[in-house]
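To start, the structure under review is shown below, and the notes come after it.
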Amino acid sequence: QVRLVESGGGSVQAGGSLRVSCVVSGTIFSRNHMGWYRQPPGKQRELVAAITSGGTTNYADSVKGRFTISRDNARNTVYLQMNSLKPEDTAVYYCNAKEPLGGSAFRIYWGQGTQVTVSS
């Protein structure tokens with residue numbers, strides 16, 4: 001059974017920093033593409049950052065230069081370091097795994113979400 005367990009969310013003032021973590025089990029983590037999504041109140045879920053199995057990263061324009069996604073394959077963990085936080089970063093943050101099944105097929109897994117609240 002694939003599990004994605006997140007931690008590190010909380011409340012912070014604007015300009016502050018947080019690091020959220022996602023520990024993955026039940027799949028060969030090093031083969032998975034990983035990502036962080038977020039869903040602000042009243043809005044749709046959006047991609048924040050992604051990192052491929054090879055370590056290539058991609059960021060939403062709104063977080064570029066402020067957030068850093070990384071992975072530690074030895075710990076089966078993906079991180080999102082969030083600096084210079086803004087109130088508009090307030091959202092539920094979700095960990096995502098894209099598991100290759102062979103060929104071009106993939107299976108998607110989601111974490112439970114962790115709340116990040118940024119206030120002024």
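Here, each number is a calculation from the coordinates, and none is a lab measurement. Everything numeric here is computed off the predicted structure, so don't read it as measured data.
Okay, here's what the table says:
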{"read-out": "Computed over segment 24-77: relative contact order in percent, which uses C-alpha pairs under 8 Å that are six or more apart", "value": "32"}
{"read-out": "Contour minus Cα-Cα distance for residue 73 and residue 45 (0.36 nm per residue)", "value": "7.5 nm"}
{"read-out": "Average Cα contact separation per residue, the chain, under 8 Å, 6 or more apart, as relative contact order %", "value": "34"}
{"read-out": "Estimated vicinal HN-Hα couplings, Hz - segment 80-95 in sequence order (Karplus 6.51, -1.76, 1.60; Gly, Pro = x)", "value": "10, 8, 10, 10, 6, 5, 10, x, 5, 7, 4, 5, 8, 9, 10, 7"}
{"read-out": "Cross-link partners of residue 43 among lysines (Cα-Cα below 18 Å; sequence separation of 8 or more within a chain)", "value": "86"}
{"read-out": "Using θ = phi - 60° and Karplus 6.51 cos²θ - 1.76 cosθ + 1.60, couplings along segment 41-49 (whole Hz; Gly, Pro as x)", "value": "x, x, 10, 7, 5, 9, 6, 9, 7"}
{"read-out": "Cα shape, segment 7-49, gyration tensor, a/c 1.5 rule", "value": "oblate"}
{"read-out": "Nonlocal amide H pairs with residue 90, under 5 Å, H built at 1.01 Å", "value": "118"}
{"read-out": "Hz values of 3J(HN,Hα) by residue in segment 61-67 - Karplus curve (6.51, -1.76, 1.60), Gly and Pro given as x", "value": "4, 5, 10, 4, x, 10, 10"}
